[in-house]
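A short reminder: the numbers here are calculations on the coordinates, not readings from a lab. For clarity, every value in this text was computed on a predicted model and none was experimentally measured. Note that we place each Cβ from the backbone using ideal geometry, even for glycine, and neighbour counts take in every protein chain shown.
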Amino acid sequence: MAEAMYNNEGVGLAAPQIGIQKRVIVFDIDDELGALCNPVITERSDETAIDDEGCLSVPGINVPVERSVSVVCEGLNLDGEPIVVQAHDFLARVLQHEIDHLDGVIILDRLTPEQRKMAIREYNNRATAE
C-alpha cells in the first residue's frame, strides 16, 4: 500500500482505494510512514478548519473540506497491538480523510450539491483534456 501511495505522490491511502477490502490505512507525514488497522476516531475537537484536499480516487482536483482540527484515533499497528494516535492539524486531516474511505465516503461527498457539480465538471474536463 505504501508503494502505491508513494507512486501516486499521496500522503495517505486506504486499502479499498486499491481493491483491498480491509480496514487498513497508510500515511506519511514528515517522512514518517504510519499504518493503522481497523482505525476508529474516538474523539474529535469542536474546532474545525476548512482546507483544500486532493484525493487519489479523484485525481487532479482539490476541494474545500471542513474537518476537525484534532482527533484521537484508535486502532491496531501492523503487529496487531493496540495503538492510540493523538493527531492535530495536517495529520488529523489525513486520518479523517483516509478513515472516510474505509466508510465509503470520498471528498466529493463532503461538498454541497453545487460544489460537487463544479468539482465533477472540473474532473471530467481534465479527463477529456488528457
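Quick one: angle between helix 89-102 and the longest Cα principal axis of the chain, in degrees between 0 and 90, rounded to 10, please.
Once rounded, the angle reads 80 degrees.
Take the alpha carbon gyration tensor of segment 51-112, find the square roots of its eigenvalues, order them as a ≥ b ≥ c, and report rounded if a/c is under 1.5; if not, report prolate when a/b exceeds b/c, else oblate.
prolate
Divide by every residue of the chain the summed helix terms, -39500 (n - 2.57) for each DSSP H run of at least 4, and state the resulting mean residue ellipticity at 222 nm, rounded to the nearest 500 deg cm²/dmol.
-9000 deg cm²/dmol
Give the residue from A14, N124, G75 lying farthest towards the positive end of the charge dipole for the chain; charges sit on Cβ (+1 for Lys and Arg, -1 for Asp and Glu) and the dipole is referred to the Cα centre.
Towards the positive end, the residue furthest out is N124.
With the crude spin-label approximation of a point 7 Å out along Cα→Cβ, what separation in nm comes out for V105 versus E3?
3.2
I'd like the distance separating the alpha-carbon centroids of segment 99-123 and segment 1-80, in whole Å.
Comparing the Cα centres of segment 99-123 and segment 1-80, I get a distance of 16 Å.
Just E53, E114, E66 to compare: in a GNM of the chain, with alpha carbon springs under 10 Å, which one fluctuates most?
In the Gaussian network model the winner is E114.
How large is the dipole of the chain about the Cα centre if only Lys and Arg carry +1 and Asp and Glu carry -1, each at its Cβ, rounded to the nearest 20 debye?
With only Lys, Arg, Asp and Glu charged at Cβ, the dipole is about 640 debye.
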